[in-house]
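Values quoted throughout were computed directly from the atomic coordinates according to the rules given, and no laboratory measurement underlies them. Keep in mind that this is a model prediction, so the values were computed, not measured. With ideal geometry, Cβ positions are generated from the backbone for all residues, glycine too; neighbour counts draw on all protein chains shown.
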Amino acid sequence: RQRYMLNAFTRMRYCHADGRLEFGQKLGPEQVRKTRPELRPWFQVQGALEPRYTVFFGHWSTLGFYQGHGVIALDTGCVWGGQLSAVRVDAVPGIRRHTDCTEYGRHPT
């Protein structure tokens, strides 16, 4: 049970129409729509979100920054040379900041 919960928190990106999780898919929605149209991002599955709240999440760099109904995705690929993103939640609408990470992971040899 704990292993499943850990996998859900770290690897959940897509669901099947019946709500089953698809742990193997890592691509962004544009690519998945072409190759696996039966899959939906987890936050677009009916009943996945409580309408009164906004869910902030990351660990999905191929999605990039995304702000939709009740969700804000913050992973903009800093470790891959993309950006580090943040949202100020006390501002309405949320103030976004992005900083380039072009030198991340580059160490002198």
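Quick notes on this one:
- Oblate is the label for the range 47-96, because the ratio a/c of its alpha-carbon gyration tensor axes (a ≥ b ≥ c) is 1.5 or higher and a/b is not greater than b/c.
- Local electrostatic count at Ala8 - Lys and Arg +1, Asp and Glu -1, tallied over other residues with Cβ under 14 Å: +4
- Angle in degrees between helix 2-11 and the longest Cα principal axis of the chain, rounded to the nearest 10: 60 degrees
- Taking the square roots of 5 times each eigenvalue of the Cα gyration tensor of the chain, largest first, gives ellipsoid semi-axes of 25, 20, 14 Å.
- On full extension, the segment bounded by Val79 and Glu103 gains 7.7 nm, given 0.36 nm per residue less the C-alpha separation.
- Cα-centre dipole for the chain with unit charges at Cβ (Lys and Arg positive, Asp and Glu negative), debye to 20: 240 debye
- Convex hull volume of the C-alpha atoms in the range 1-63, normalised per residue: 98 Å³.
- Other-chain or far-sequence residues with amide H under 5 Å of Ile72's (modelled H): Val55, Phe56, Phe57
- Taking Cβ atoms as reference points and 11 Å as the exclusive limit, the residues near Cys78 contribute a net charge of -3, counting Lys and Arg as +1 and Asp and Glu as -1.
- Separation of the Asp90 and Val55 label points, Cα + 7 Å toward Cβ, nm: 2.7 nm
- Total formal charge among the other residues, if their Cβ is under 15 angstrom from that of Arg97, Lys/Arg +1 and Asp/Glu -1: -1
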